[in-house]
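Engineer: Sharing a structure here in structure tokens format.
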Amino acid sequence: MRGFHVTSSPPCWWTVNKRSLISSLCLSTSICSFHHCYLMTSFSLYWFCFPFSLWNFFSHSSDFEVHRNWLAITYSLPLSKWYYEKTSEWTLDYPPLFAWFEYLLSQAATIVDPQMVVISKLKYVSQSTILFQRGSVIFTDLLLAYAIKEYCGYLARKASVPTRNCLILALLVVFNFGLLIVDHILTYKSILQELHWLPVNENIHFQYNGFLFGILLLSITKLSEGQTLEGSFWFAVLLNFKHIFLYIAPAYFVFLLRTYCFRPSASGKKDKQLIIFGVNIWDFSPLHLLRLGFIVVLVFGASFGPFIAMDQLKQVLSRLFPFKRGLCHAYWAPNFWALYNALDKAVAIIGSRLGFLPKELMNKQASMTGGLVGQSEHLILPSVPPLVTMILTLLSLMPALLHVWFRPSGVTGFLRCLILCAFGSFLFGWHVHEKAILMVIIPLSLLAIVDRRAARVFLVLSTTGHLSLFPLLFQAQESPIKVCLMLMFTIFSFYSLCLVHCGESSKDYTTTELFTLPIVTWYEACYLYGLLVLAFYCSAVHPLTVLASRLPFLPLMLTSVYCAVGVVWAWLLFYVDTLRGGAQTTMNAPGVVTLKAAASGKKATRKKQ
């Protein structure tokens with residue numbers, strides 16, 4: 001393969017796994033069962049993918065140096081200077097609790113490598129630094145495993161979900177493809193660098209998303225179990241770790257106000273009725289509101305209190321909300337603004353070639369992908385200020401928030417509202433990162449295991465959203481690993497969710513039916529197969545054409561625009577389903593959901609789509 005090399009020969013078991021791949025694929029294709037084919041192919045790709053990932057080159061990003069610099073800032077400087085330090089361009093721009101988290105890590109980091117915690121304008125990397133940073137990600141990601149274990153325990157105890165389905169959910173979350181390439185997969189590279197199998201590079205992809213999603217799942221679990229105050233506490237903690245989760249804060253606010261602060265009154269007070277905005281005012285509990293307020297004030301006070309006392313709140317907020325950045329990130333997230341940007345370029349190109357617009361217009365450089373700095377400007381269409389994105393985001397959230405207020409359906413309705421809040425913020429937000437799609441995919445997987453219609457949305461969105469992350473691994477030698485890992489996760493997702501919602505069947509399937517996709521419709525399947533064509537063109541065809549030098553941005557734009565269509569469709573599909581009644585669940589107690597046969601996995605075989 002062009003550009004692929006390692007510093008030593010591959011392990012001897014590589015040949016064995018290549019043979020196992022071929023034999024497993026041959027065996028799977030010889031099986032006429034649709035389910036068996038999916039399962040065998042998934043495991044075959046796994047055994048092919050794992051050894052290959054150990055000695056391949058992976059993507060590079062600035063995240064590694066960002067967090068190393070934050071270790072240096074919190075270790076070397078007093079608290080009063082944390083949010084003023086700007087020796088490096090990677091300034092501290094996360095909430096205070098995450099800064100304290102970095103401070104705790106820095107106490108161990110200085111023992112591993114004292115140079116790691118030295119503030120410098122130049123990037124610093126060493127083998128011990130790499131192993132420490134990656135080790136901290138692995139250790140903190142144990143919280144994600146614990147959180148999904150707790151949620152699965154809740155499903156098994158209170159909702160009578162079979163153990164098999166709980167295991168499927170755990171695998172869908174812990175081995176999520178997006179989390180693998182953003183947080184986990186590059187650990188193998190770090191280990192091999194320490195073993196001198198690979199050279200040390202300046203930038204290593206690095207984030208703590210698994211740890212943060214673990215806190216989110218803990219909050220959802222506590223709310224599901226009826227432990228409202230504990231669930232509120234964990235979400236308040238999460239907001240003070242990473243403020244991007246403000247996207248879903250409206251869902252928490254409305255749900256807690258509606259279901260916790262307005263509780264059904266005692267039988268002796270039923271004669272008092274004063275209905276305003278769909279609730280009985282006499283059901284309002286000031287004590288419950290004070291309890292929630294105390295938790296919020298406690299967490300935010302512990303986080304921001306020291307900076308408020310030093311009169312630095314304005315400085316901290318200016319770091320957390322840098323609206324001087326462009327409308328879109330340097331790589332377009334697959335949202336509404338990707339379609340808007342593409343339309344702007346298309347109108348400019350067509351208009352100039354047809355003579356309706358001056359050709360000099362094409363020499364003007366649009367700045368809607370401003371990246372770190374710069375205001376957004378378009379060539380033809382009106383430029384979009386932050387206020388417009390805020391208004392559109394709020395408008396996209398309102399139907400979901402009103403639905404959970406006027407038609408509360410317990411934790412299931414809350415979870416749907418949370419997902420729609422994440423959806424709307426991703427589609428219409430300002431300077432959205434492509435990785436923010438995981439804020440939709442991870443919570444959606446919780447519903448996909450218990451509701452067939454949610455599973456349909458999950459399969460469309462996860463396949464589309466995960467492929468939109470491909471540009472994060474942009475080197476040619478990285479293509480096999482990202483393709484194989486995504487195929488593995490996608491095949492497992494379709495197979496396992498079909499097993500849950502379609503039931504088990506001994507019917508033999510024809511060869512042509514092996515290429516159909518369960519649960520999703522035929523036109524959605526055609527769209528998903530189009531992702532294969534898109535990935536093939538961007539990875540294999542485009543670099544060999546003359547367009548590679550003339551239009552180097554074309555693969556990024558095609559990926560963003562094509563995936564944006566799928567994300568918007570999934571959003572509309574999920575919104576309509578929610579407003580029509582949502583999941584097939586019933587509520588028998590606050591915080592307890594009784595799941596119907598869609599999640600049991602033990603009912604009779606349903607009609608195959």
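The values are calculated or read from the model by the stated rules, or taken from the named source; none is laboratory data. Remember, predicted model here, so these are calculated numbers, not experimental data. We place every Cβ from the backbone using ideal geometry, glycine too, and count neighbours over all the protein chains shown. In case anyone asks, the SASA skips ligands and DNA or RNA and just uses the protein heavy atoms, side chains included. Shrake-Rupley method; radii C 1.70, N 1.55, O 1.52, S 1.80 Å.
Engineer: Hey, any hits in segment 559-581 for a residue that's farther than 27 Å from H433 by Cα, out of contact with any helix residue (DSSP H, G or I) (no Cβ under 8 Å at 6 or more places or on another chain) and either among the polar types (S, T, N, Q) or modelled with pLDDT of 85 or more (or both)?
Structural biologist: There is at least one residue in segment 559-581 that is farther than 27 Å from H433 by Cα, out of contact with any helix residue (DSSP H, G or I) (no Cβ under 8 Å at 6 or more places or on another chain) and either among the polar types (S, T, N, Q) or modelled with pLDDT of 85 or more (or both).
Engineer: Give segment 58-93 a look and list any residue that's aromatic (F, W, Y) and under 30 Å from E478 (Cα atoms), or say none.
Structural biologist: F58, F64, W70, W90, listed by residue number.
Engineer: How do the pairs read when you match residues in segment 542-559 that are open to solvent by less than 40 Å² (accessible area, probe 1.4 Å) with residues anywhere that are at pLDDT below 85 and of a type in the set (A, V, I, L, M), using Cβ under 7 Å and keeping only pairs 6 or more apart or on different chains?
Structural biologist: H542/A548
Engineer: Collect the residues in segment 523-540 that are surrounded by fewer than 17 Cβ atoms within 10 Å (Cβ to Cβ) and at pLDDT below 90, keeping them in residue-number order.
Structural biologist: Of everything in segment 523-540, just one residue is surrounded by fewer than 17 Cβ atoms within 10 Å (Cβ to Cβ) and at pLDDT below 90, namely A540.
Engineer: Restricting attention to segment 462-485, which residues are closer than 27 Å to I449 by Cβ and assigned to a loop (DSSP other than H, G, I, E, B)?
Structural biologist: Matches in segment 462-485: S468, L469.
Engineer: Which one of these does Y151 not meet: (1) more than 20 Å from the chain's Cα centre (by Cα); (2) in a helix (DSSP H, G or I)?
Structural biologist: Only one criterion is unmet by Y151, namely (1).
Engineer: Next up: Residues in segment 104-123 that are open to solvent by 70 Å² or more (accessible area, probe 1.4 Å), part of a loop (DSSP other than H, G, I, E, B) and touching a residue at least 12 places away in the same chain (Cβ under 8 Å): how many?
Structural biologist: Here the count works out to 2.
Engineer: Based on this model, can you work out whether F177 counts as modelled with pLDDT of 90 or more, among the aromatic types (F, W, Y) and within 18 Å of the chain's Cα centre (by Cα)?
Structural biologist: yes
Residue by residue, here is whether (1) closer than 22 Å to Y151 by Cβ; (2) among the polar types (S, T, N, Q); (3) at pLDDT 90 or above holds:
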| position | (1), (2), (3) |
| --- | --- |
| F233 | yes, no, yes |
| R263 | no, no, no |
| F304 | no, no, yes |
| K324 | no, no, no |
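Engineer: Can you list the helices (runs of 4 or more DSSP H) found entirely within segment 221-318 that contain at least 3 residues being open to solvent by 80 Å² or more (accessible area, probe 1.4 Å) and over 27 Å from L438 (Cα atoms)?
Structural biologist: 286-309
Engineer: I would also like to ask the following. Do any residues in segment 380-404 that are touching a residue at least 60 places away in the same chain (Cβ under 8 Å) have Cβ atoms under 8 Å from those of residues that are among the aromatic types (F, W, Y) and not in a helix (DSSP H, G or I), where the two are at least six apart or on different chains, and which pairs are they?
Structural biologist: P386/F323; P386/W430; T389/W430
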